[in-house]
1. Would you mind listing the helices (runs of 4 or more DSSP H) fully within segment 153-243 where at least 1 residues are without any contact (Cβ under 8 Å) to a residue 40 or more places away in the chain and touching a Lys or Arg at 6+ places or on another chain (Cβ under 7 Å)?
2. Criterion first (in a strand (DSSP E or B) and not acidic (D, E)) does G141 satisfy it?
3. Against the condition under 18 Å from the mean Cα position of the chain (by Cα) and modelled with pLDDT of 95 or more, how does V29 come out, does it pass?
4. State the number of residues belonging to segment 84-111 that are hydroxyl-bearing (S, T, Y) and crowded, with 22+ Cβ neighbours inside 10 Å.
5. Being over 30 Å from G142 (Cα atoms) and either acidic (D, E) or free of Cβ contacts under 8 Å to residues at least 24 places away in the same chain (or both) is true for just one of Q49, Q32, Q64. Which residue is that?
6. If you go through segment 11-30 one residue at a time, how many are hydrophobic (A, V, I, L, M, F, W, C) and either more than 11 Å from L232 (Cα to Cα) or surrounded by fewer than 16 Cβ atoms within 10 Å (Cβ to Cβ) (or both)?
7. Mind listing whichever residues of segment 69-104 are among the hydrophobic types (A, V, I, L, M, F, W, C) and not in a helix (DSSP H, G or I)?
8. Looking only at segment 117-132, which residues are in contact with a Ser or Thr (Cβ under 6 Å, 6 or more places away or on another chain) and either among the aromatic types (F, W, Y) or over 13 Å from D214 (Cα atoms) (or both)?
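The values are calculated or read from the model by the stated rules, or taken from the named source; none is laboratory data. Because the structure is a prediction, the values reported are computed rather than measured. Virtual Cβ from ideal backbone geometry, glycine too; neighbours counted across all protein chains shown.
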Amino acid sequence: MNLLIDIGNTRLKWGMVKDHRIIAGRSLVHDQVTRHELVSLWEKIPPPQHIAIACVSAKHLLEQVLSVALELWPGVDIVPAKSQARAFGVRNAYENPEKLGVDRWLSLIAARHCYPGPACVIDCGTAITVDVLDANGKHQGGLISPGLMLMKKSLSLGTEQLQFSEAHHAFGLATNTAAAIYSGTLSAAVGLVEHAVARQPENMQVILTGGDADLIATQLVFRPIIDSDIVLRGLSIILKSNA
């Protein structure tokens, strides 16, 4: 069995690979990640043969995860994922390939292997990222925008009268400020996604992932694929190549 760890901007997520199948694990927001909590959760996991890790977050969080993993499973093979110019059937469009977020790189690898043909991968997380892959595995480039939470927080920080709220409201024209912010930020995210997809070939598969994927998908004029484990799938693919 192998362990897959995705350290994102907001959450630490993990899953296991057994018989080429991903078994969903757990996730913790960063504030919940402590050494004690990781040990108590991971000591129940059967000892993995290999661990693949993707990290776009703070270095100290990665160091803590590595420390706990080596304490629980001394000598385990750890494979850190890194963005590359070309690998696993994908060609990176970035001028400096290593600057492409490793989570985006892994999502492109997973899209290439799990969703053959042209694909658009949209991560609806802390940031909203859009990456387009053609039928030959060539990355066409991408877009980055603030996610829903960052949009709301920027309004509360930049204006005196607009307060931050995580509450959900009915979508549409609103009759109070909190609901207006909710629908306004969601409309911005939906507009970005629909505008990006409208410029791509009609046969392109659109794959949404990230914490707000389900919410944004409900307002789109088309039906996307929702794949919450696409980064873990990418990690699984790079482990197969190391086997």
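1. Here the list reads 177-198.
2. Against the criterion (in a strand (DSSP E or B) and not acidic (D, E)), G141 qualifies.
3. no
4. Result for segment 84-111: 1.
5. None of the other options fit; the residue is Q32.
6. 5
7. Matches in segment 69-104: W73, V76, I78, V79, A81, A85, A87, F88, V90, A93, L100.
8. Across segment 117-132, the qualifying residues are V121, T126, I128.
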